[in-house]
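Report on one structure; see the data block that follows.
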Amino acid sequence: MKQSWQLSISALAVAFALGGCASAVKKPAEPAAAAKPANTSNNGAQTAVAAVQAPVEQNLGPAPNVPRSVFFAFDKYNVQAKYRPVVEANAQYLTSHPNAHTQLQGNTDARGSREYNLALGQRRADAVMKAMELLGAKPQQMEAISFGKEKPKALGTTEADYAENRRVDIVYTK
């Protein structure tokens, strides 16, 4: 009996400890009519499962055919002229949608130290932000961050893989 009681107390302590370690996760709001109440019989047992609809995804940002990545040469952070249409289209979207917000995510290839790549990714994101700002987008609508080499698109070690990873992704958040 004493051992069972101690086991119960230990299990309860572990449950509280694990519950305290959980990080806060934002749960998307569900529409009020998303769930239907379950049918119950006279004895209170559930006879049907409640129907739940997934939240409707919002189409954030310009049309799907508008590119949302700007690519860079090795060890460079200047926006090349061939990516000006990408920057212009996204800046135009921001100027015509004042409540829109974007995260400019700077990335690098796998070469170089972690610290160097984080700094280079930030310079790339800042360069795209400055270009969009010069085209009329408000600084409050944009956030420039760096992932460095931590978020590769291509995992190989060829020059083509490296080129795919040297980019700024334009991600609309609201």
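Counting just the residues of segment 91-119 that are polar (S, T, N, Q) and in contact with a Ser or Thr (Cβ under 7 Å, 6 or more places away or on another chain), which one comes out nearest to residue 74 (Cα to Cα)? I'd like the intermediate steps shown before the answer.
So in segment 91-119, the residues polar (S, T, N, Q) come out as 92, 95-96, 99, 102-103, 105, 107-108, 113, 117.
Retained after the next criterion (residues that are in contact with a Ser or Thr (Cβ under 7 Å, 6 or more places away or on another chain)): 102-103, 117.
Working: 102: 25, 103: 22, 117: 11 Å.
Here the answer is 117.
Does segment 151-163 include one or more residues that are on the phi > 0 side of the Ramachandran plot and assigned to a loop (DSSP other than H, G, I, E, B)? Reasoning before the result, please.
Here is the first cut: in segment 151-163, the ones on the phi > 0 side of the Ramachandran plot are none.
There is no residue in segment 151-163 that is on the phi > 0 side of the Ramachandran plot and assigned to a loop (DSSP other than H, G, I, E, B).
Can you tell me which of 116, 83 is of a type in the set (Phe, Trp, Tyr) and crowded, with 16+ Cβ neighbours inside 10 Å? Even if it seems obvious, please write down each step before you answer.
Numbers: 116 fails: crowded, with 16+ Cβ neighbours inside 10 Å.
From the options 116, 83, the qualifying one is 83.
What residue, of 160, 131, is in contact with a strand residue (DSSP E or B) (Cβ under 9 Å, 6 or more places away or on another chain) and at pLDDT 95 or above? Lay out the reasoning, then the answer.
Working: 160 fails: in contact with a strand residue (DSSP E or B) (Cβ under 9 Å, 6 or more places away or on another chain).
After ruling out the rest, the residue left standing is 131.
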Exercise for review: Among the numbered conditions (1) under 20 Å from the mean Cα position of the chain (by Cα); (2) modelled with pLDDT of 95 or more; (3) surrounded by 13 or more Cβ atoms within 10 Å (Cβ to Cβ), tell me where residue 139 comes up short.
Suggested key: (3)
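The values are calculated or read from the model by the stated rules, or taken from the named source; none is laboratory data. Everything numeric here is computed off the predicted structure, so don't read it as measured data. All Cβ positions, glycine included, derive from the backbone under ideal geometry; neighbour counts span all protein chains shown.
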